[in-house]
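> First the structure, then my questions, so here it is.
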Amino acid sequence: MNETTIATRTELLAAGWTARSITEAVRSGAIVRLRNGVYASAGCDPSVALAVRVGGVLGCASALTALGVWTQSRGPVHVQLDGRASRIRRAPHGTVLHWHTAPLPGTRVAAHPIDALADACHCLPFEFAVASIDSALNLGLISRTDLEVLSAALPRRLRRIVARADGRCMSGTETILRLALEDAGIAFVPQVRIPGVGTVDFVVAGRIVIEVDSHAWHDSDEATSRDYDRDLAAARAGYIVLRLRYEHVMFQLDASMAAVRSLVALVQNS
Ligand SMILES: [Zn+2]
C-alpha cells in the first residue's frame, strides 16, 4: 500500500494477505489498523487517518488540500460523513464534521470535489471559498457545468460565492486580488500575454502590470532573477509593474489596493 491507500481486510485477504500476515504487519508497524477491518500504510497522512478512524473521509477544506486545490491549508481537519452510515466514531475535539445524506462518489481518502467545495462555501471566508472554486476549475477537477450542480447544492445566500468564480485565475492570491479589483470597480484583464515578457497575472487600466506571488515561501534566487528580467521587459514595453507578495494579498490587501488605486490615478491623469 502506498501513502494514501486505504484497504479493507477483505481486500487484503483477496490480494493474498493472510489473517496472520495482517496481524504481523500491524504488530511490526508496516500497516496501521485505522478501525475495525480498515487498514492504511504506516506513512498514512494523519488527517486521512483521523477522517477514516471517525468513519468518514477528508471533506471540505481538507479534501480540497488533498486534491491539490488552493485553500488555506492550516486549520482543523474537516471530515465528510455519510449520514446513512451505521457506525460513526467519536471525533477528536476541534474536528469539523460535515454530514451528507447523499454524498457524491469520492475516493477512500477524500470527498468528491463538488461536495468538498459545497462544504467549503459554508465553512470558509467568502474570498477563500471563491479562490478554491477558481482553483478547482483551473485544475479541471470540476467543469463549468458542475458550477450549476454546486450552486443548486447551496442555500440561496451562498450562491453568490459560485457566481463570483472565474477559472481564469491560476492561484488563490490571484483570485483574492481579482475580487478586490472587481469590488473596487477597477478595469483589468487577467492572464495577459505580453510579447517579450510572457503571461502576466493582470493588466490594469491598460498600462499597469500586476504580478502576484502565489506562495508564502520565498522564491529561489533564480526565480527572483527571472522576475527582475520580466519586470524590466514589461517596463521597456511601456508598463508600470506592481509586484505583490503572498503576504501583501493575504494580510495587507487594503494597503495593496491603495497602491493599485494610486497607480490607476497616475495612469489616468497622464
Ligand atoms: Zn468545513
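> Of everything in the range 148-179, what is among the polar types (S, T, N, Q) and under 27 Å from Asp254 (Cβ atoms)? Give them in sequence order.
The first filter runs over the range 148-179 and keeps only residues among the polar types (S, T, N, Q), leaving 151, 171, 173, 175.
Selection gives Ser171, Thr173, Thr175.
> Let me ask something else about it. Does Leu179 count as closer than 26 Å to Leu242 by Cα and of a type in the set (A, V, I, L, M)? Give the steps one after another, and end with the answer.
Working: closer than 26 Å to Leu242 by Cα: yes; of a type in the set (A, V, I, L, M): yes.
When the stated conditions are applied, Leu179 passes them.
> Then there's this: Which is closer than 16 Å to Cys60 by Cα and of a type in the set (Lys, Arg), of Arg164, Arg108, Arg144, Arg159?
Numbers: Arg164 fails: closer than 16 Å to Cys60 by Cα; Arg144 fails: closer than 16 Å to Cys60 by Cα; Arg159 fails: closer than 16 Å to Cys60 by Cα.
On inspection, the qualifying residue turns out to be Arg108.
> State yes or no: is Ile142 within 16 Å of the ligand (Cβ to nearest atom) and either of a type in the set (A, V, I, L, M, F, W, C) or without any contact (Cβ under 8 Å) to a residue 12 or more places away in the chain (or both)?
Details: within 16 Å of the ligand (Cβ to nearest atom): no; either of a type in the set (A, V, I, L, M, F, W, C) or without any contact (Cβ under 8 Å) to a residue 12 or more places away in the chain (or both): yes.
For Ile142, the condition - within 16 Å of the ligand (Cβ to nearest atom) and either of a type in the set (A, V, I, L, M, F, W, C) or without any contact (Cβ under 8 Å) to a residue 12 or more places away in the chain (or both) - is not met.
> Further question: Residue under question is Leu117, and the condition is that it be within 14 Å of the ligand (Cβ to nearest atom) and not in a helix (DSSP H, G or I); does it hold?
Values: within 14 Å of the ligand (Cβ to nearest atom): yes; not in a helix (DSSP H, G or I): no.
The answer is no for Leu117.
> Go through Thr145, Thr199, Thr173 for me and flag whichever is surrounded by fewer than 16 Cβ atoms within 10 Å (Cβ to Cβ) and within 24 Å of Asp227 (Cα to Cα). Walk me through how you get there before you give the answer.
On the way: Thr145 fails: within 24 Å of Asp227 (Cα to Cα); Thr173 fails: surrounded by fewer than 16 Cβ atoms within 10 Å (Cβ to Cβ).
Just one listed residue meets the conditions, Thr199.
> Does the range 179-194 contain at least one residue that is polar (S, T, N, Q), modelled with pLDDT of 95 or more, touching a Lys or Arg at 6+ places or on another chain (Cβ under 7 Å) and away from the ligand (no atom under 16 Å from the Cβ)?
Going residue by residue through the range 179-194, those that are polar (S, T, N, Q) are 191.
Retained after the next criterion (residues that are modelled with pLDDT of 95 or more): none.
Looking through the range 179-194, none of the residues is polar (S, T, N, Q), modelled with pLDDT of 95 or more, touching a Lys or Arg at 6+ places or on another chain (Cβ under 7 Å) and away from the ligand (no atom under 16 Å from the Cβ).
> I've got another one for you. List every residue pair whose Cβ atoms lie under 7 Å apart, where the two residues are 6 or more positions apart in sequence or sit on different chains, the first residue falls within the range 87-115 and is farther than 30 Å from Glu148 by Cα, and the second residue, located anywhere, is within 16 Å of the ligand (Cβ to nearest atom).
Sorted first by the residue in the range 87-115, then by its partner, the pairs are Ile88/Val54; Ile88/Leu81; Arg89/Val54; Ala91/Val54; Ala91/Val79; Ala91/Leu97; Pro92/Leu50; Gly94/Pro76.
> Is it the case, given these coordinates, that Arg74 is under 22 Å from Val212 (Cβ atoms), open to solvent by 70 Å² or more (accessible area, probe 1.4 Å) and free of Cβ contacts under 8 Å to residues at least 12 places away in the same chain? Spell out the reasoning first.
Details: under 22 Å from Val212 (Cβ atoms): yes; open to solvent by 70 Å² or more (accessible area, probe 1.4 Å): yes; free of Cβ contacts under 8 Å to residues at least 12 places away in the same chain: yes.
Yes: the conditions hold for Arg74.
> Just for the range 82-111: of the residues that are assigned to a loop (DSSP other than H, G, I, E, B) and among the β-branched types (Val, Ile, Thr), which one is farthest from the chain's Cα centre (by Cα)?
Initially, the range 82-111 is screened for residues assigned to a loop (DSSP other than H, G, I, E, B), giving 83-95, 101-109, 111.
Keeping just the survivors that are among the β-branched types (Val, Ile, Thr) gives 88, 95, 101, 107, 109.
Working: Ile88: 27, Thr95: 19, Thr101: 24, Thr107: 17, Val109: 16 Å.
Residue satisfying both the conditions and the ranking: Ile88.
> Which condition from (1) open to solvent by less than 70 Å² (accessible area, probe 1.4 Å); (2) assigned to a helix (DSSP H, G or I) is the one that Glu127 breaks?
Every condition holds for Glu127 apart from (1).
> Quick one: which of Val69, Val79 is part of a loop (DSSP other than H, G, I, E, B) and either within 10 Å of the ligand (Cβ to nearest atom) or open to solvent by less than 40 Å² (accessible area, probe 1.4 Å) (or both)?
Val69
> Tell me which of these His93 doesn't satisfy, since it passes every other one: (1) on the phi > 0 side of the Ramachandran plot; (2) within 16 Å of the ligand (Cβ to nearest atom); (3) surrounded by fewer than 16 Cβ atoms within 10 Å (Cβ to Cβ).
(1)
> For residues that are in a loop (DSSP other than H, G, I, E, B) and in contact with a strand residue (DSSP E or B) (Cβ under 6 Å, 6 or more places away or on another chain), scanning just the range 45-66, find the one that is nearest to the ligand (Cβ to nearest atom). Show your work before the answer.
Going residue by residue through the range 45-66, those that are in a loop (DSSP other than H, G, I, E, B) are 45, 55-56, 59.
Adding the requirement that they be in contact with a strand residue (DSSP E or B) (Cβ under 6 Å, 6 or more places away or on another chain) leaves 56, 59.
Details: Gly56: 12, Gly59: 6 Å.
Taking the candidates together, the pick is Gly59.
> In the range 97-113, what residues are under 23 Å from Asp134 (Cα atoms) and either near the ligand (Cβ under 10 Å from one of its atoms) or open to solvent by less than 10 Å² (accessible area, probe 1.4 Å) (or both)? Full working, then the answer.
So the first thing to find is which residues in the range 97-113 are under 23 Å from Asp134 (Cα atoms), and the list is 98, 103-107, 109-113.
Once the filter is applied, which keeps residues that are under 23 Å from Asp134 (Cα atoms) and either near the ligand (Cβ under 10 Å from one of its atoms) or open to solvent by less than 10 Å² (accessible area, probe 1.4 Å) (or both), the range 97-113 yields His98, Ala110, Ala111.
The values are calculated or read from the model by the stated rules, or taken from the named source; none is laboratory data. Small disclaimer: the values here were computed from a predicted structure and weren't measured. Positions of Cβ are backbone-derived with ideal geometry, glycine not excepted, and every protein chain shown enters the neighbour counts. The accessibility values were calculated without ligands, DNA or RNA, using every heavy atom of the protein model including side chains. Shrake-Rupley method; radii C 1.70, N 1.55, O 1.52, S 1.80 Å.
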